[in-house]
Each structure stands twice: as structure tokens, then as C-alpha cells.
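Asker: Following this message is one structure expressed as C-alpha cells.
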Amino acid sequence: MAVTLVPSMIVGPLATGLGLLCLRPDYWRRVLVVAGALLVVVGSLLLAHWPANGGMAAALGPGHWINAVMLASEFILALALARVGWRAGRPLVVGLALAQAALMGWFEWRFGKELSVVQNLFVDKFSVIMGLINGVVGGGICLYALAYMREYHEAHHREAADRRPLFFALLFIFMGAMFGVIFANNLIWLYFFWEVTTVCSFLLIGYRGDALSRRNALQALTMNLAGGLCFALGIVWLHHTTRSVELQTLLRSHESALLIPAALFCLAGLTKSAQLPFCGWLLGAMVAPTPVSALLHSSAMVKAGVYLVLRLAPVLNGSAVGLGVALVGAVTFLYGSLAAIRVNDAKKVLAYSTVANLGLIVLCGGLGTAEALWAGLLLIVFHAVAKCLLFLCVGVVEHRLHTRDIEAMSGLILNMPRVAVLMLVGMAGMFLAPFGMLISKWAVLKAVVDVYPMLTVFLVFGSAATLFFWVKWMGKLLEVVHPPEPAEKGIRSGQWLALYSLAGLTFLTCLFFPFISLRFIEPYVVDLYGRTATMGIGNYIIMTIMMLLVTLFPLSFLNYGRNVKVMDPYLGGANLAGHAAYRGWTGRTREVALCNYQMVLLVDEDRLTHWSTVVGVALLVTIALVACL
Amino acid sequence: MSPWVRLLIYLVAAPLVGGLLAGLDRIISARMQARRGPPLLQPFYDVCKLWRKETIVVRRSQNFYILFFLLLMVFTGGLFFAGADLLLVIFALTLAAIFLVLGACKASSPYSFLGAQRELIQMMAYEPMVLITAIGMYMATGSFYAHEIAAHPRPLVLMLPGVFLGFIYALEIKFRKSPFDLSCSHHAHQELVRGITTEFSGRALAMIEVAHWYENVLLLGWLYLFFAAWPWLGLAGTALVFLFVILVDNVFARLKWQAALRSAWAVALVLGFGNILALSLIL
């Protein structure tokens with residue numbers, strides 16, 4: 001079963017995507033999307049029962065025609081992208097696309113005959129975890145997107161051309177390609193799927209078709225094509241040193257000569273996971289419809305980048321290149337956390353927080369110790385679920401309030417109580433003890449202290465900033481000044497299903513994370529290092545007690561309104577009707593408005609971005625120099 | 001002593017010690033201002049009186065947050081005195097503090113909301129230094145566990161002088177004493193400085209007060225860890241720092257939040273992180 005399951009996880013969504021492209025009727029598209037999403041979820045759950053760790057390979061034979069199809073598609077994609085770049089007047093896009101195609105074409109022509117790949121696909125616990133995230137979270141996003149995109153075109157963005165067949169086709173192709181990235185062992189295959197995710201993200205970011213979307217999509221394309229070129233160079237270099245194009249060859253050997261291809265792959269991973277200096281594209285990707293943002297930020301795309309970096313952890317362990325990569329991650333974490341304080345756009349806050357958390361994961365990959373790898377894998381799991389939930393909530397709120405401004409979410413707890421509570425769960429999942437991200441951050445801190453104590457400085461300041469912007473947002477949701485105006489009607493069952501199941505997952509992954517760790521993460525880490533990190537049974541118990549304490553909190557609402565006397569707030573004047581206004585000492589009537597601190601004086605987004613980019617470029621140059629020496 | 005005994009002693013003794021310290025604080029402050037001051041047991045009288053008052057709220061759910069603030073604060077202190085992982089203690093402390101902040105936000109009055117925001121700024125200001133303290137103690141002793149750190153044969157203050165000074169700075173903020181009483185001053189001279197507690201009354205205010213007693217004992221216990229190898233010196237050092245904090249409270253004017261944040265981060269970076277860097281070079 002397993003031998004056919006893995007290829008069908010890749011081919012299935014790709015075929016569904018192509019089917020959706022041809023299917024015009026609205027009703028049948030919905031049926032196909034629901035069926036496809038369910039199949040992906042079921043398939044990835046089946047994968048979780050994969051018995052062995054490591055060794056099992058889906059032997060596909062030499063598969064010449066598949067290689068030929070991939071090569072041909074690569075050329076077609078490259079030419080199409082070059083045309084896009086030419087039309088948009090972006091010589092860099094043209095150059096990068098053609099350079100990649102030329103490099104891979106030359107490589108296939110020169111060495112294609114003598115390449116012998118033993119395992120084209122490979123499954124171990126790490127790829128199973130990634131598969132689960134991609135399948136379950138991605139499937140949820142597809143369900144959510146059905147209703148969201150209908151509202152998007154019918155009510156909110158009438159000016160945008162309705163290209164929903166393309167949209168859903170791309171979602172599924174994206175997922176299929178992501179499965180390909182996760183399960184490929186043949187690097188040429190991995191490269192092909194890598195490029196497909198780049199193209200899909202380009203098309204999805206530019207979906208709305210206005211000038212801003214097109215510009216941001218091109219920016220994403222440029223950066224990811226640069227990463228793709230690094231990837232191609234890495235393949236050629238690896239083949240030059242080892243005569244092999246298999247990922248496992250790179251991971252299982254400990255030659256220092258392999259650091260250069262590893263560094264090139266890392267560079268590709270850094271572009272895709274939006275690390276400094278490449279984080280611009282992910283922040284620009286906000287213009288896309290919310291399901292796309294959720295997909296890019298939580299389950300696919302950026303996770304492909306960190307997947308590659310974490311894969312390379314054993315190679316990076318203890319090397320100067322590893323330290324460089326870890327530094328990039330640490331600086332990105334600090335930058336993302338600080339920048340998120342300053343912004344008010346909900347999606348932008350989420351985007352910065354993604355950049356920051358990916359920085360943490362990259363930091364783990366760069367350290368490459370068993371403890372760091374354990375922490376990094378946990379981070380991937382928790383981040384995917386909670387971040388997806390938050391994006392989907394923001395999408396719902398945006399369609400009801402017609403704004404993404406956090407300041408406009410005042411009173412959301414009464415206006416949209418269910419969504420607000422789900423959002424609070426997501427935020428708690430992102431930064432609060434005893435939820436998942438905090439457990440992982442703790443693990444990261446411990447992993448870092450033992451290897452490079454000086455890197456802790458980025459972590460301690462970054463996490464203080466994280467705390468500030470999340471609690472600020474939580475407080476905004478809870479605070480109520482004006483009488484409630486219910487706005488929760490019209491959210492469809494598919495959306496509720498996605499939101500509730502993600503919130504449930506956020507909670508359950510935290511409660512059962514010892515099992516996740518025991519079943520999936522520890523076997524993988526033990527397999528690589530012969531030992532693993534855990535948290536200590538006492539700490540598990542303490543975390544569980546804390547979890548129970550926090551879950552008791554909603555119970556206190558049973559006592560809601562009993563034995564209390566309700567009064568108007570103190571406003572420093574004479575309260576007027578509805579206590580949303582008061583008459584001050586000058587006799588003038590003033591409205592009450594509560595606003596968050598923005599720290600305008602301390603943090604300037606543009607200057608911060610500028611200097612962080614400078615630091616990022618400097619670090620990359622250093623990594624390149626160190627790898628070559 | 002077994003961890004359970006320590007836990008039990010903490011649960012019972014912390015509010016007593018915390019209340020007495022609060023009373024002592026008021027007497028010493030009064031003497032510094034050439035006043036006579038209230039009796040030593042005044043904080044207990046206050047809390048008892050508050051407990052019997054009617055519960056008045058602006059939002060019906062606001063007091064639930066305060067209940068959990070108290071519960072989690074007790075839990076945090078319990079973790080510390082039972083000898084748990086310091087990082088876990090910090091995270092639990094943060095969780096407790098967040099409940100207070102959310103409660104004040106929920107109350108939805110401009111003054112409590114502003115106080116909550118300022119409290120957040122203060123949390124952001126002291127958090128790095130507190131984390132650095134835990135990291136420094138780990139580097140010096142090889143353990144994050146409070147009971148193992150306490151059993152270390154040499155006084156940590158010798159290895160961590162910078163971290164020690166930085167921690168005192170963080171304590172000033174954590175105690176909400178001047179110059180860092182932005183979010184909630186102990187002196188009720190304007191509504192703005194009552195900040196975070198503006199809309200809490202009766203039992204909720206009593207719970208906030210008791211939570212602060214627990215918190216102060218926890219923080220002084222942490223301070224004691226720096227001298228744990230010599231218990232008598234430890235007690236004396238902790239008492240001296242406590243007096244010093246009161247002195248500073250009476251001598252300094254309130255800082256603006258920008259200055260508070262900048263200076264706290266600068267102290268954490270220079271004293272705290274500098275100490276850690278030096279330690280990592282030596283070890």
C-alpha cells in the first residue's frame with residue numbers, strides 16, 4: 001500500500017488541480033474541491049501509519065519517461081517565466097529563468113545518461129510530519145477557500161477578474177508539488193517540485209491582477225528564482241563531488257567538501273523561507289486572497305524552505321556555514337518581532353511573526369544539534385496549525401469589518417464572539433505558556449545556550465517583543481467601548497469547519513505533544529544522532545497542569561454576571577449616555593477611544609528593514625566566503 | 001527538605017511574609033518622608049476590608065482574569081520554591097501577568113487600558129533581563145533547576161556580578177516602584193497612575209494585592225539564589241536590596257516609558273549580556 005500511497009499523494013493533487021482547470025460549472029468545482037481536500041487529508045493521515053523510520057524507499061524504477069516529462073515541463077515553465085519577465089520589463093527574471101533552464105539542460109545533456117538514482121522518493125518520520133501538516137492544514141484551507149472566494153468575488157472585489165478555476169487548480173497543484181518536495185530524494189525531482197511551488201506562488205500572489213499584486217508577485221518570483229538558481233548550482237556541485245544526485249548521499253556523508261552544495265541548498269531554503277535579506281516577498285504576498293496567505297505562511301512554500309534547512313541540519317552541525325545560517329535565523333527572528341510592534345495591519349503582523357518564527361526554525365537548522373533539531377521540528381508543527389488558524393480568522397473578520405486594521409477590531413469579542421475566541425486560541429498558541437510555540441521556544445533557548453551562548457541575545461530580546469505585540473492584539477479583541485453590533489452571520493459551514501478543526505488541532509497538538517514527539521520527532525532525531533532531546537517528565541507534568549489551569553478559565557464564565565454590580569467606567573468627567581462619551585472639565589463632549597501603543601518613537605519599520613537587510617546581505621556574503629575557503 | 005514541604009511552606013508563609021514586607025515598606029517610606037506611617041499590619045487590614053466590600057465592575061467578566069492572575073501567580077511561586085526549571089517559572093510568571101493585563105483591557109476604561117498597555121511595555125522592558133538571569137545561572141551552575149542552583153557550592157554573585165546588577169534593575173520594574181511605576185503606582189495621586197487597577201474594587205483589588213505579595217516573595221527568593229551558598233549573607237543581601245528598592249522609590253521621579261524601556265534594554269544588553277559573554281569566554 002505504502003509504495004503506491006506516496007506517489008499518489010503527489011500525483012493525486014496535481015491531477016485534481018489539472019481537472020479543476022478544465023472544469024467550469026460552479027457546483028462540480030465545489031464537489032471536486034471538497035472531494036480532493038478530503039482525499040488529501042485522509043491520505044496524509046494514512047501516511048502517519050507509515051511503519052518504518054528512514055530506510056523505506058518507494059522504488060519506482062529508473063522512470064525515464066517521468067524524468068523526460070519533468071525536464072520538458074521545466075523548460076516550458078522557464079520559457080513562460082522568461083516571457084513574463086520580458087513583458088514586465090524585469091531583465092533579472094528573464095536572466096534567472098533562462099540561466100536555470102540552461103544550467104539544468106546542460107547538466108542533463110552532459111550527465112543525464114550516467115545518472116543512476118537508487119531511490120527517487122524517500123519517506124521517513126520527518127517527511128511524514130511534513131506530509132501531515134501539508135495534507136491536514138492544506139485540506140482545511142481548500143475547504144475554507146470555497147466560501148471565501150465566493151464572497152471575495154461576489155461582494156468584496158468585484159473589480160478583480162473571476163478566475164476561480166485557475167485559483168483552485170493552483171491550490172491543488174501547490175499542495176501536490178509540496179508533497180513532491182517533501183518526499184523527493186532525487187534532487188532533480190526535488191528541484192522540479194521546488195520550481196513548481198515558485199511558479200504557483202507567483203500566480204497566486206498576482207491573482208487579483210492589479211498593479212500592486214503584479215509588482216509583489218514579480219518580487220516574490222525574482223527572489224525565489226534566485227533561490228532556484230542556487231538550488232540548481234547545488235545539484236551540479238554535489239554531482240561534481242560525489243557523482244550522485246540523491247539527498248540521502250548528502251546527508252549521510254560527513255565530508256567537508258560537501259559544505260559548498262549544502263550552503264547553496266541552504267541559500268535556496270533561505271529565499272523560500274523568507275529570511276533576511278529575502279523577507280520582502282513574503283510581506284508583499286499579503287495582497288493575495290487570505291487562503292493563499294494561509295497556505296504560503298503555514299503549510300506550504302515557506303515550510304518547504306525550512307524543511308530543506310532542517311534536512312541539512314546534520315551536515316551544518318558545528319560548521320562555520322551552520323553558524324552563519326543560525327545567525328541569519330537569529331537576526332531574522334529579532335527583526336520580525338520588533339517590526340511587528342510597529343504595524344497595525346493584522347495580516348502584516350501575522351506576516352512578520354511568520355518571518356520571525358521561521359527565523360527560529362532556521363536557527364535550529366543552522367545549529368544542527370540533536371536538541372536544536374528536536375526544537376525545530378516542534379516549531380514547524382505548532383507554527384503551521386496556529387498560524388493557519390489566525391490567517392483564516394483574519395480573513396473572516398476582514399470580510400465582515402471591511403478592514404484588516406487591528407484597531408478596528410475593538411469589541412470583536414461581542415460582535416463576533418466565536419471568531420474572536422478562535423483568534424484568541426490561535427494567539428495563545430503562538431506565544432503563551434503552556435501552548436506549543438512557547439514549548440518550542442523554550443527548547444530553542446536551551447539548545448542555543450549549550451552551543452553558542454551569544455546567540456541567546458537575539459532570542460531574549462525578540463521574545464520580549466513578541467509578547468508585546470500579541471498581548472496588545474489580544475487586549476484589543478477583549479476591550480469593549482461601543483454597544484455590540486453582531487456581525488457573525490453569513491460565515492459558511494465550510495469556513496466554520498476549517499476554523500474549528502484548526503483550533504481543535506492547536507489545542508490537541510499542545511495537549512498531546514509528548515506523543516507527537518515520541519512517535520514522530522524523537523525517532524527521526526535518534527536515527528540521525530543516536531540520541532535525542534526531551535523535556536523531562538517533571539516538566540511535562542507541570543505543563544499539563546498549566547494547560548488544565550488555563551482550560552479552567554472558560555469555566556469561570558459560568559459565574560458570569562453573578563454577585564456583581566455593574567457601573568460605568570471612570571472617564572475623568574461626567575459620563576454621557578452609553579458611556580462611550582463624557583463631558584470633560586472644559587465642558588466639551590469627548591468620545592472615548594482606546595488605542596494601542598505603536599512605539600512610533602522607538603521602532604521605525606523602514607529603517608529597521610533597511611538595516612536588517614544590510615546585516616542579512618553581510619551575513620550571506622560571509623557564509624559564501626566561509627563555504628568557499 | 002523535600003520539594004513538597006518547601007511548596008507547602010511557600011503557600012502558607014508567602015502571603016504573610018509578603019504582607020509584612022508591604023507593611024514594612026510603608027513604614028520605611030513614611031519615615032523617609034518624615035511621616036509616622038501606618039501600623040505594620042496595615043496591608044492585612046486593607047485586604048480584609050477590601051474583601052468585605054461590594055464587587056463593582058464595568059465589564060462582567062473582568063474579575064475572572066484577576067482570579068486567574070492570582071491562581072497563576074501562586075502556581076508560579078510554587079514552581080520556583082519546589083525547585084522547578086527557572087525558564088518554566090519565567091513563562092508561568094508571564095502567563096500570570098498577561099491575565100492581569102487582559103483583565104485591565106477587558107475593563108475597557110481609558111485609564112485601565114492605558115495602564116495595561118504600560119504594564120505590557122514594562123513586561124517587555126524586564127523580560128530580556130530576567131531571561132538573561134536564568135541563562136547566566138545556567139551557565140554558572142549547569143542547571144536550570146532552582147533547587148540545583150540553590151545547592152551550588154559557590155555564591156553565584158561572584159560569577160554573575162553584571163547579571164546581579166541587571167536583575168536588581170529588573171526588580172525595580174517588577175515591583176512597580178518609582179522610577180518605573182508607569183502602569184500602576186502605589187501612590188494614588190492621579191487616576192492616570194492608578195492605571196491598571198483603576199476599575200478593580202473589592203475582592204478583585206484584594207486578590208491583586210495578595211498576588212503581589214506572592215510575586216514579591218518569589219522575586220526576593222530569586223534574588224536569594226545569587227547568594228545561596230552563604231545563607232546568612234543571602235538573607236542580609238536580599239534585605240539590603242529590598243531597602244535599596246524602597247530608597248530608590250522615594251528618591252527618583254517617574255520615568256517616561258521610552259526612557260524606562262531604553263534604559264532597561266541597555267542594562268540587559270551591557271550588564272547582563274556582557275556578563276554572559278565574559279562567562280562564555282572564561283568557561
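Where a number appears in this text, it was derived from the coordinates with a stated rule and is not lab data. Quick caveat: nothing in here was measured; it's all calculated off a predicted structure. FYI the Cβ positions are ideal-geometry reconstructions off the backbone, even for glycines, and counts take in every protein chain you see.
Asker: Within 10 Å of each residue's Cβ, count the other Cβ atoms and sort A:Ser293, A:Ser8, A:Ser298 from fewest upward.
Answerer: Sorted ascending by nearby Cβ count, the order is A:Ser8, A:Ser293, A:Ser298.
Asker: How would region A:543-624 be classified by its alpha-carbon gyration tensor: rounded, prolate or oblate, with rounded meaning a/c under 1.5 and the a/b versus b/c comparison settling the rest?
Answerer: oblate
Asker: Please go through region A:187-257 and write out the trypsin sites (Lys or Arg not before Pro) that DSSP classes as loop and that have at most 14 other C-beta atoms within 10 Å.
Answerer: A:Arg243
Asker: What are the membrane-span-like helices in chain B by this rule: whole DSSP H runs, Cα extent along the axis at least 18 Å, mean Kyte-Doolittle hydropathy at least -0.5?
Answerer: Counting only whole DSSP H runs, the qualifying helices are B:3-32, B:62-82, B:86-107, B:110-141, B:161-174, B:202-225, B:231-251.
Asker: Along the Cα→Cβ direction, 7 angstrom out, place labels at B:Leu8 and A:Glu488. What is the inter-label distance in nm?
Answerer: It is 4.6 nm.
Asker: In peptide B:272-279, how many Cβ atoms from other protein chains are near each Cβ within 10 Å, on average?
Answerer: Per residue, the average neighbour count from other chains is 2.
Asker: Could you tell me how far the Cα centroid of region A:336-409 sits from the Cα centroid of region A:539-605, in Å?
Answerer: 25
Asker: In addition: Let me know the whole percent of all Cα-Cα pairs from region A:389-483 that are separated by more than 15 Å.
Answerer: Above the 15 Å cut-off, region A:389-483 has 65 percent of its Cα pairs.
Asker: Could you work out how far the C-alpha centroid of region A:287-316 sits from that of region A:152-200, in angstrom?
Answerer: Going from one Cα centre to the other spans 13 Å.
Asker: Assign unit charges at the C-beta atoms only (+1 for Lys and Arg, -1 for Asp and Glu), then state the dipole size of chain A relative to its Cα centre in Debye, rounded to the nearest 20.
Answerer: In total the dipole reaches around 780 debye.
Asker: May I ask you to list the residues of region B:151-185 whose amide nitrogen lies under 14 Å from a point 7 Å from Cα along the Cα→beta-carbon direction of B:Leu247?
Answerer: none
Asker: How large is the convex hull of the C-alpha atoms of region B:207-281 per residue, in Å³?
Answerer: Spelled out: Cα convex hull of region B:207-281, divided by residues, is 133 Å³.
Asker: Going Cα to Cα from A:Lys125, which lysines come in below 27 Å? Please leave out same-chain ones fewer than 8 positions away.
Answerer: Here the lysines satisfying the reach criterion relative to A:Lys125 are A:Lys272, A:Lys303, A:Lys387, A:Lys441, A:Lys446.
Asker: Sort region A:166-248 into rounded, prolate or oblate with this rule: let a ≥ b ≥ c be the square roots of the eigenvalues of the Cα gyration tensor; rounded if a/c is under 1.5, and if a/c is not under 1.5, prolate when a/b is larger than b/c, oblate otherwise.
Answerer: Cα axes put region A:166-248 in the oblate bin.
Asker: Report the charge-dipole magnitude of region B:3-282 in Debye, nearest 20, computed about the Cα centre from +1 at each Lys and Arg Cβ and -1 at each Asp and Glu Cβ.
Answerer: Rounded to the nearest 20 debye, it is 620 debye.
Asker: May I ask for the percentage of alpha-carbon pairs in chain A that lie more than 42 Å from each other?
Answerer: 21
Asker: Here's another thing I want to ask about it. Straight-line reach from B:Lys106: which lysines have Cα under 19 Å away, leaving out those fewer than 8 places along the same chain?
Answerer: Hits, sequence-local ones excluded: A:Lys472, A:Lys476, A:Lys565.
Asker: Is the shape of region A:237-310 rounded, prolate or oblate, going by the alpha carbon gyration tensor and its root eigenvalues a ≥ b ≥ c, with a/c under 1.5 for rounded and a/b larger than b/c for prolate?
Answerer: It comes out prolate by the Cα gyration axes.
Asker: Along Cα→Cβ, 7 Å out, is where each label goes; now give me the distance between the ones at A:Cys628 and A:Leu32 in nm to one decimal.
Answerer: With each label point 7 Å from Cα toward Cβ, the separation is 4.9 nm.
Asker: While we're looking at this one, here's another question. Across peptide B:110-118, how many C-beta atoms of other chains are within 10 Å of each residue C-beta, on average?
Answerer: 5
Asker: Within 10 Å of each Cβ of A:463-476, how many other protein chain Cβ atoms are there on average?
Answerer: Partner Cβ neighbours, averaged per residue: 6.
Asker: Can you tell which of A:Leu45, A:Ile361, B:Tyr45 lies farthest toward the positive end of the dipole of the protein assembly as shown, using +1 and -1 charges on the Cβ of basic and acidic side chains (Lys, Arg; Asp, Glu)?
Answerer: So the residue we want is B:Tyr45.
Asker: Only counting other Cβ atoms within 10 Å, I'd like A:Cys22, A:Cys200 sorted with the fewest neighbours first.
Answerer: Least to most surrounded, the residues fall as A:Cys22, A:Cys200.
Asker: If I model a spin label as a point 7 Å beyond the Cα along the Cα-Cβ vector, how far apart are those points for A:Arg252 and A:Leu608 in nm?
Answerer: The modelled label-to-label distance comes out at 4.6 nm.
Asker: Which aspartates and glutamates, if any, have their Cα less than 15 Å from the Cα of B:Lys256, not counting same-chain residues under 8 positions apart?
Answerer: Leaving aside aspartates and glutamates fewer than 8 places away in the same chain, those within reach of B:Lys256 are B:Glu119, B:Glu172, B:Asp181.
Asker: Taking every DSSP beta bridge that has both residues in the protein assembly as shown, what percent is antiparallel when rounded to the nearest 5?
Answerer: Percentage antiparallel, nearest 5: 85.
Asker: Next up: Nearest 500 deg cm²/dmol is fine: what mean residue ellipticity at 222 nm does chain A get from its DSSP H runs of n ≥ 4 alone, each adding -39,500 (n - 2.57), divided by its residue count?
Answerer: -23000 deg cm²/dmol
Asker: Now for a separate question. Apply the Kirkwood formula to region B:3-282: the hydrodynamic radius equals the inverse of the mean of 1/r over all pairs of different alpha-carbon atoms; give it in Å with one decimal.
Answerer: 19.1
Asker: Sorted from fewest to most neighbouring beta carbons within 10 Å, what does the list A:Thr509, A:Thr403 look like?
Answerer: Ranked by crowding around the Cβ, least crowded first: A:Thr403, A:Thr509.
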